[in-house]
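Remarks on the structure that follows.
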Amino acid sequence: MLDLIIRGGTLATASDVFAADLGIRDGRIVQIGERLGAAVREVDASGRFVLPGGIDSHVHLSQPSGDGIVMADDFESGTRSALFGGNTCVLPFCLPRKGQPLREALKDYHALAEGRCYTDHSFHLILPEVNGAMIGQDLPALVADGYPSFKVFMTYEGLRLNDAEILQTLDFARRTGATVMVHCENEDAIRYLVDRAEAAGDLAPRFHASTRPVAVEREATHRALSLAEIVDTRIVIVHVSNEPAIAEIRAARARGVNVVGETCPQYLVLTAADLDGLDWEGAKFVCSPPPRDTASQVACWNGIETGVFDLFSSDHCPFRYDDPTGKLNPRAREGFRHIPNGIPGVETRLPILFSEGVMKGRIDLQRFVALSSTNHAKTYGLPTKGSIAVGMDADIAIWDPNETRPIRHAALHDAADYSPYEGLEITGWPTTVILGGTVMIENGVLAGKMGAGRYRRRQTAASPNRAGPV
Ligand code: DUC
Ligand code: ZN
Ligand code: ZN
């Protein structure tokens, strides 16, 4: 007897679309076929798409964000919001305090997440510094223990690594199979431009965008890719926003560099003009890299369609707007540098890609699945996730391609107080979400419990069985 049958839907993987029933037992997919027999429970998916649950591999939750600033979402609200957006797994970042042992930082994040998650989760580690002991001992042990991915920054004083440190990190990745994600913006150039803007009295949110121009991202992207080429190792370029940076990725690939590219919804549907906002309301759109112009949107769509991008992530980094701990904190009006950097989007990521991508004919369903789930599982070492096949985790999102309604923050489930995508008309929403065989959302209503989402230990992407179930 099966635990659950999802009956009558149209299934899709990164390679195929087909009509079938799905049989689930003990949290795994055990049968795919026509007219499957009996189960304890059935879900009718007729007229709907049955897809692998989304994996959002770029999410910030409960991350310390500066004096008096509080990230809007913790693991409870963030994963609840992710679930309603059709996701069954998120990969948030663990940011150690300067000098804090990495193990201790991870322990703190596990404590924040334990028992509070609605989706499965695992952690990337941000490296605010590197030294010999870390590279020689700590990081290899962490990789062996299931933490195989690390983010490094080329910007933010106190967080940025210099080229020598990035080379050391990439070399460690080459030797261990770890994955290095790089935030590509040139800190010194940004500092110069911010100082110049402030001296001129240019303090409003829109100057966040003009002090982080395309050249700042292009230069750093070129440098990061060159360092990976020199070391001869794989690299992930996160949150790519514009054509010149895309051209850098294309050129590096042509030289044989193993580069994984990521873009995000803000680069497809927002522009820098949104930061003009209603003056300070532009703070709602302050994120880095900033959204660019409509030509950049076209370039990012082209990168999605042509395979420049393997990953489509939210970069969910939520701060409340009208709140002293958020965008409009007491110092915000002194200038844009005091506006916390990041926007919410974990729940709207996939509806935006589905509606603007699949429903508007820019990408097919298979590519949607690859960009939203499969490639995240492969890149970050989750071999039982990201596809529909016998033996895989029964993590499923059922999508109704006929449901049309605009994004309204009031209908979302995060703990921010706005959505940067307010009013965007969406056709196609996830209606039922199943995590490890448990129906967590049924026809838009929360049915599962907090704590159902579990921590997932990961493998390196280079593990031999990365493509199949374990
Ligand atoms: N980088 C991110 O990845 N997220 C939010 C802010 C930032 O700089
Ligand atoms: Zn970043
Ligand atoms: Zn981010």
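The values are calculated or read from the model by the stated rules, or taken from the named source; none is laboratory data. It should be emphasised that the depicted structure is a prediction, and the values quoted were computed from it without experimental measurement. Backbone-built Cβ (ideal geometry, glycine too); neighbour counts: all protein chains shown. In case anyone asks, the SASA skips ligands and DNA or RNA and just uses the protein heavy atoms, side chains included. Shrake-Rupley method; radii C 1.70, N 1.55, O 1.52, S 1.80 Å.
Worth pointing out:
- Computed helical MRE - 222 nm, the chain, DSSP H runs ≥ 4 contributing -39500 (n - 2.57), nearest 500: -7500 deg cm²/dmol
- Simple label model, 7 Å out from Cα along Cβ direction - Arg253 to Met1, nm: 5.0 nm
- For His316, net neighbour charge (Lys/Arg +1, Asp/Glu -1) across residues whose Cβ lies under 11 Å away: -4
- Cα centroids of segment 53-75 and segment 124-186: 20 Å apart.
- Thr404 paired with Asp138, simple spin-label distance in nm, labels 7 Å along Cα-to-beta-carbon: 5.4 nm
- Nearby aspartates and glutamates by direct alpha-carbon distance to Lys360 (threshold 17 angstrom, same-chain neighbours under 8 apart not counted): Glu305, Asp400, Glu403, Glu425
- Placing +1 on each Lys and Arg Cβ and -1 on each Asp and Glu Cβ, with no other charges, gives segment 339-407 a dipole about its Cα centre of roughly 240 debye.
- Charge sum, other residues only, whose C-beta stays under 14 Å from Ala410's C-beta, Lys/Arg counted +1 and Asp/Glu -1: -2
- Each Lys and Arg contributes +1 and each Asp and Glu -1, all at the Cβ; summed about the Cα centre of segment 307-424, the dipole is approximately 320 debye.
- Sequence-distant residues sharing a close amide H with His58 (under 5 Å, placed H): Leu91, Ser314, Asp315
- 19 Å Cα-Cα threshold exceeded, pairs from Lys107/Lys378; Lys284/Lys327; Lys98/Lys151: Lys107/Lys378
- Normalised per residue, the accessible area of the chain is 36 Å², obtained with a 1.4 Å probe and no contribution from ligands, DNA or RNA.
- The chain: angle of helix 187-199 to the longest principal axis, Cα-based, in degrees nearest 10: 60 degrees
- Database remark: amide H of Gly453 closer than 5 angstrom to the amide H of Cys117, Tyr118, Thr119 (H placed geometrically; neighbours at sequence offset of 5 or more, or on other chains; Pro and chain starts carry no H).
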